[in-house]
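The values are calculated or read from the model by the stated rules, or taken from the named source; none is laboratory data. Note that the structure is a prediction, hence the values are computed from the model and not measured. A quick note on method: Cβ atoms are made from the backbone with ideal geometry, for glycine too, and the neighbour counts reach across all protein chains shown. The accessibility values were calculated without ligands, DNA or RNA, using every heavy atom of the protein model including side chains. Shrake-Rupley method; radii C 1.70, N 1.55, O 1.52, S 1.80 Å.
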Amino acid sequence: EPDPWRRRLALEQGLAEAAFAPDDPALAERVAALTDGRGADGVIECAGGKDTFQAAWRLARPNGIVALVAMYEENQVLPLPAMYGKNLTFKTGGVDAARGPELVELLAEGKLRTGFLITHRGPLSEILEGYRVFEAHEGHCLKWVVTPG
């Protein structure tokens, strides 16, 4: 995650054991230090930056899992010769409504916390402003909830 505020929030909310900037020059060394040199069991790539896909698979240990939830502006390349022997599992995709009922149940039971994600609210009549604020991460916007009006 390139945004220091979002990295700190992920750690404070217990969403990750570690969170790093994708452009950290010591990124590989930091992950190696946390994993006794073997690499990350799982990497979640959500930044969608120029080199973040490459960093994600490189940081994963052999037989690790790389979850790609980022939106990329350009096609990403699988450098298969460099990946040979890593036997990585890639998981891709965005919102999957197939688990919707289960998620609603977890929310109702208080087992899934999402309130901290809602940082902004505004009426439907201001939805374009909501998109602008969200895209610019203005005021640390994570989610803009649309209200009637």
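Restricted to the range 5-53, and to residues that are among the aliphatic types (A, V, I, L, M) and open to solvent by 70 Å² or more (accessible area, probe 1.4 Å), which residue is nearest to L88 (Cα to Cα)? Spell out the reasoning first.
In the first step, residues of the range 5-53 are kept if they are among the aliphatic types (A, V, I, L, M); the result is 9-11, 15-16, 18-19, 21, 26-28, 31-34, 40, 43-44, 47.
From what's left, open to solvent by 70 Å² or more (accessible area, probe 1.4 Å): 11, 15, 33-34, 44.
On the way: L11: 25, L15: 22, A33: 21, L34: 19, I44: 13 Å.
Only one residue fits best here, namely I44.
Of a type in the set (A, V, I, L, M) and touching a Gly at 6+ places or on another chain (Cβ under 7 Å) - does that describe any residue in the range 10-23?
At the first step, the residues of the range 10-23 found to be of a type in the set (A, V, I, L, M) are 10-11, 15-16, 18-19, 21.
Going one step further and asking which of them are touching a Gly at 6+ places or on another chain (Cβ under 7 Å), we end up with none.
So far as the range 10-23 goes, no, none of its residues is of a type in the set (A, V, I, L, M) and touching a Gly at 6+ places or on another chain (Cβ under 7 Å).
Hey, A98 hits all of (1) more than 19 Å from the chain's Cα centre (by Cα); (2) open to solvent by less than 90 Å² (accessible area, probe 1.4 Å); (3) modelled with pLDDT of 95 or more but one; which does it fall short on?
Exception for A98: condition (3).
Six or more apart or on different chains, Cβ under 7 Å: which pairs go from a residue in the range 67-95 that's under 17 Å from C46 (Cβ atoms) and open to solvent by 100 Å² or more (accessible area, probe 1.4 Å) to one that's at pLDDT below 90 and assigned to a loop (DSSP other than H, G, I, E, B)? Could you list them?
Every condition considered, the pairs that remain are M71/G48.
Is there any pair linking a residue in the range 3-25 that is more than 17 Å from L59 (Cβ to Cβ) to one that is open to solvent by 60 Å² or more (accessible area, probe 1.4 Å), with Cβ under 6 Å and at least six apart or on different chains, and which?
W5/H140
Please indicate, with yes or no, whether at least one residue in the range 127-143 is surrounded by 10 or more Cβ atoms within 10 Å (Cβ to Cβ), within 28 Å of R58 (Cβ to Cβ) and out of contact with any Ser or Thr (no Cβ under 6 Å at 6 or more places or on another chain).
Yes, the conditions are met somewhere in the range 127-143.
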